1. Summing -39500 (n - 2.57) over the DSSP H runs of n ≥ 4 in chain A and dividing by its residue number, what mean residue ellipticity at 222 nm do you reach, to the nearest 500 deg cm²/dmol?
2. Nearest 100 Å² is fine: how much accessible area is buried between B and A, summed over both sides, with a 1.4 Å probe?
3. If you plug each phi of the stretch A:172-180 into the Karplus form 6.51 cos²θ - 1.76 cosθ + 1.60 with θ = phi - 60°, what whole-Hz ³J(HN,Hα) values come out, in order, with x for Gly and Pro?
4. Could you sort out which of A:K46/A:K291; A:K147/A:K196; B:K56/B:K87 sit more than 28 Å apart by Cα distance in this structure?
5. So between A:S149 and A:W273, what do we pick up on full extension, going 0.36 nm a residue minus the alpha carbon distance?
6. Once you place label points 7 Å from the Cα toward the Cβ at A:V131 and A:Y222, how far apart are they in nm?
7. Between A:T245 and A:K4, what's the calculated FRET efficiency when r is the beta-carbon distance and R0 is 60 Å? Round to 0.05.
8. Pick from B:V159, B:V83, B:V47 the residue whose mean-square fluctuation is largest in a GNM of chain B, springs joining Cα atoms under 10 Å.
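The values are calculated or read from the model by the stated rules, or taken from the named source; none is laboratory data. Bear in mind the structure is a predicted one, so any value in this text is a computation, not a measurement. Here the Cβ positions follow ideal geometry from the backbone for every residue, glycine too, while neighbour counts run over all protein chains shown. For the accessible areas, the whole protein counts, side chains as well, though only heavy atoms, and no ligand, DNA or RNA atoms are used. Shrake-Rupley method; radii C 1.70, N 1.55, O 1.52, S 1.80 Å.
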Amino acid sequence: MIKKVITALFVILSLSNTKAQDSTLLELMVDTINAHTSQVVSGTFKATQIVNTPTVESPAKKALQFMIMHRFGRLNEGAYALFGLDNAGIRFAFDYGITDKLAIGVGRSSFEKVYDASFKWKVVRQKQNGVPVSVSAYGMIANSVQKYSDKPYLNAKYRTIYTSQLLIARKFNSKLSLQLTPSWVHFNLVPTPADKNDVFALGVGGRMKLTNRISINAEYNYLPSGQVVSSDVFSSLSMGVDIETGGHVFQLIFTNSEGMNSPYYLTKTRGSWEKGDIYFGFNVTRIFNLKK
Amino acid sequence: MQRLSILLLFVSSQLLLNAQPQITRTGFISFFSKTPYEDIKAENKQVNAVVDLSKKKIAFMLLMRGFLFKKALMQEHFNENYVESDKYPKSSFSGSYTGYVDISQEGKYPIIVKGVLMLHGISRTIEVPASMEVKEDKLIAKSNFKINPSDYNIKIPAVVKNKIAQHLDVTVMIEYKISK
């Protein structure tokens, strides 16, 4: 009886020993490290805008981003205007991260001489094995100071436009990210009574990485008809390439929108891709870290 | 029956020895790159580490996303472009050490650690000098060594070549509470 027990114990012992030899020390840690993998998903987009539409990304705390957005004239202006290169519209913008989740910005566009101020707030962040999407809220107030001679110059409040956008994005994998962007634009004054003061649009967009540092981007902001009536406007369709080098992101883009801030590309896109009203342009961003 | 109890004693002592490995989840590993243009430093304070004093074996494991940088953009580029943390989330080391360490005696013991470092999906055998210090109820393992990112297929584009050092200085500091 005792002999049997002894043999059994030996067998158990030798079994447990071989097991201890086979399992490396590393395996002791796999479980605990896997428990830590519910982490925030970062790098959904490289830049703070897909092309024109803001992305869920914002400058980090105490990071100042300087952005130059540039659009040449329309390709269909032909050889005489060197396919639009003779003309140019520009928007400068500074965006600053107050915290890692809240950024504010100011900008100035040459098209209709518009000053804008904006904020972006990262409300929800996508997590591995957790929340499936990142959600940011974006708000912009835009004021045009364009002078004209045919009408009396209006009070500032009549030249002001408010835009609110909800940015809902998901990074599906390291290459593909998509974003859904419902937008609401409020005009204090519209040109005719038939035009709506509140205009709604729905954007879809995304990026596909070609390499770690280059991606192709596209966005479409659908503007349902019957809202902007007094002028011929189209939905905004833009595509481009992101090239990232250290603290810079270069975006080379084609779009039918001349305006580069939210109310303008959403509701005042007068170009049509079919007719060749396509603007070539670029966005360049540079990050300055003000944190010591 | 007596023999059985002796055997049981032997078995339980074996099991006790097996339970010997010291484990911590708050080990520290940092790396530092110094060039005339830019100093880059990142720290990971959530390194899992095990040392088995009876077998003279040692192992680390960490999540690449656990490396924290001062500049958020650098951290993002590190994860997205250099070490590709989505593809290769973990880095680990597993090996053994040579040298005499007496945990019942306070003091600093020099050792040589040799093993396999897995980083960015590539495993390489490395051998580095290190030390183990016994102080009160703590065992502190330390090491400083250099690694070359290109050995681990971490590509550095030409544009930033002069901003990232060819050799990174790695510092390891693991503190175990000696469980007796």
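1. So the helix-based figure for chain A works out to -4000 deg cm²/dmol.
2. Interface between B and A: roughly 3500 Å².
3. 6, 8, 5, 9, 9, 10, 10, 9, 10
4. B:K56/B:K87
5. 41.4 nm
6. A separation of 2.7 nm, rounded to one decimal place.
7. E(calc), rounded to 0.05, equals 0.25.
8. It is B:V159.
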